[in-house]
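Notes to accompany the following structure.
Values in this text are rule-based calculations from the coordinates and carry no lab data. Given the structure is predicted, the values throughout are model-derived calculations rather than measurements. Please note: Cβ atoms are built from the backbone with ideal geometry, for glycine as well, and neighbour counts cover all protein chains shown.
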Amino acid sequence: MTDNRYKPLSGLQQFQAVYKTRNLTTASQSLGISQPALTQSITKLERQLGVDLFDRSTRPLGVTRFGELLIEHANTIERSNTLLHKSLEALKSGSGGLLRIGCGPDWIHEILPRAICAQRQRSPALRFELTVALNNELHRMLGRDEIDCYFSSVSDTFMGTGYTTRVLVEERMNVIARQNHPIHDEKPRKLLDIASQSWAMTGEETFGRDLMKRLFDNEKVDLPIPMIETNSVSAMINIVRHSDTLGFLSQTHLNAYPDIRAVVMEKALPERLGGVTLRSDQEPMTAVEDLLEEVKAVIETLQVD
C-alpha cells in the first residue's frame, strides 16, 4: 500500500519561482498564471508535505527551514532532468549512451576493435559493452534484448521471424595447420587426403562445424572425428599452433596468426558470409548505424573479399 505522504510532489516549479522572487505577484507573472492559482499551488504543496515553506508575515516573503530543505531537493531534480534530456539527446544522436554489441570470434581480432576505436574518436562520450560468444548464444541474447545487435557468421539456418541480417563481408574458409607442419611440404591436397589427419574442431552447434559437414558431404567424404573438440575458436587455434592437428578457419581469423598457414587445397573451399543481425521490431539506434559504417570502412581497409 502506497504511503500518501510519499506521492510525487506537485507545484515544485511554482515553489521555485516564489523562492527566487520572494514575491507572489512577481512569481505569478513570471509563470504566466494568476496570483490566486499560484497561492493555491503553494498551499497544496505545503499540505502535502505537512509544513510551512514560507513565512508570510514578512515582506519580502521569508523562507522557513523546511523551504530551504525543499529548494535543495527541487534544484537536484532540475539538474537531474537536465541531465536526462541531455542523455536522451546524446542517445538519439549516437554521440552518447551505451551501445551493447555481441560478436562471434571472427570479429574480435581486427574488424570490431578497430571500428569501435574509430567510433570512440568521433563520439568520446559513447560507452561500449562488448560480449563475445557463439552464434546461438548471441541470438538468444538479442531476443532477450540484452544486446543491441551482434556480428557473426551468417548461416542459412532458420533464425525465426523478427530478425534482419545485413551481410558485410564475404571471405573464404581454410583448412589450417601450424607454419612448419609437414602438410605444407606436399602438393595441393584433396579432402580425402587430409580426412585421416588429427583434427581440432569447434563444437557441433558452431557455424564452422556446420560448414565443415557440408564441405565433406559435398565431396562424399566422411567428416573426421575430432581428436580435440572445444566450444572456443581461440582454443582451437592455439591447439593447432602448438600441435600437428588441423583446423578450419576463416581468412580474417587466419590473418591474425602469423604462425599458422592455410593448407593448399586442390579445390577452393566454400566462402562464409559475415554480417550484423538486428531485431526487426526495433529501429536501429543511430550509434549502431554509425558503427556499421566504421565496420565497412575497416573491412575495405583490410581488403577482405
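Of the beta bridges in the chain, as assigned by DSSP with both residues counted there, near 60 percent are antiparallel. Working note: Karplus 6.51/-1.76/1.60 with θ = phi - 60° gives the stretch 24-41 the couplings 5, 5, 4, 5, 5, 5, 5, 8, x, 10, 6, 5, x, 5, 5, 4, 4, 5 Hz, where Gly and Pro are set to x. Summing Lys and Arg as +1 and Asp and Glu as -1 over all other residues whose Cβ lies under 11 Å from the Cβ of G67 gives a net charge of -3. Amide H contacts of G97: R127, each under 5 Å away and 5 or more positions distant or on a separate chain (H built 1.01 Å from N in the peptide plane; Pro and chain starts excluded).
A value for Rg and Dmax of the Cα atoms in Å was derived from the coordinates, and within the list [x] 23.0, 72; [y] 19.2, 64; [z] 31.4, 103 it appears as [z]. Label-to-label distance, H73 versus E129, with points set 7 angstrom from Cα along the beta-carbon direction: 3.2 nm. Applying the Karplus relation 6.51 cos²θ - 1.76 cosθ + 1.60 with θ = phi - 60° to the stretch 215-232 yields 3J(HN,Hα) values of 4, 5, 4, 4, 8, 6, 10, 5, 5, x, 7, x, 6, 9, 10, 8, 8, 10 Hz, where x marks Gly and Pro. A DSSP coil position with no more than 13 other Cβ atoms inside 10 Å describes the following trypsin sites (Lys or Arg not before Pro) in the stretch 201-292: K220, K267. Under the definition of Cα pairs under 8 Å and six or more residues apart, what whole-number percent is the relative contact order of the chain? With pairs under 8 Å counted, the relative contact order is 22 percent. Amide H contacts for T131 (H built 1.01 Å from N in the peptide plane; partners 5 or more residues away or on another chain; cut-off under 5 Å): I101, G102, C103. Sequence-ordered 3J(HN,Hα) estimates for the stretch 116-122 from the Karplus curve with 6.51, -1.76 and 1.60 and θ = phi - 60° stand at 5, 4, 5, 5, 5, 5, 7 Hz, glycine and proline given as x.
Grab the other residues whose beta carbon is less than 9 angstrom from that of T131, score K and R as +1, D and E as -1, and report the net.
Details: positive: R100; negative: E129, E137, E146.
Net local charge, T131 excluded: -2.
Charge dipole of the stretch 39-189 (Cα centre as origin; +1 on each Lys and Arg Cβ, -1 on each Asp and Glu Cβ, all else neutral): 320 debye, rounded to the nearest 20.
Amide hydrogen proximity for V63: with H placed 1.01 Å from N in the peptide plane, the residues at 5 or more positions away or on another chain lying under 5 Å are D55. Structure note, pairs K7/K92; K187/K267; K190/K296; K44/K86; K267/K296: Cα-Cα distances above 23 angstrom occur for K7/K92; K190/K296; K44/K86; K267/K296.
Between the stretch 54-120 and the stretch 14-39, how many Å separate their Cα centres? With the stretch 54-120 and the stretch 14-39 each reduced to a Cα centre, they are spaced 29 Å. Looking only at Q251, Q179, Q29, which one moves most when the chain is put into a Gaussian network model with springs between Cα atoms under 10 Å? Taking springs between Cα atoms under 10 Å, the residue moving most is Q29.
Just tell me which aspartates and glutamates come within less than 12 Å, Cα to Cα, of K20; anything on the same chain fewer than 8 places away is out. Output for K20: E68.
Label the stretch 4-91 by shape, choosing from rounded, prolate and oblate, from the square roots a ≥ b ≥ c of the eigenvalues of the Cα gyration tensor; if a/c is under 1.5 it is rounded, and otherwise prolate applies when a/b is larger than b/c, oblate when it is not. Here the stretch 4-91 falls in the prolate category.
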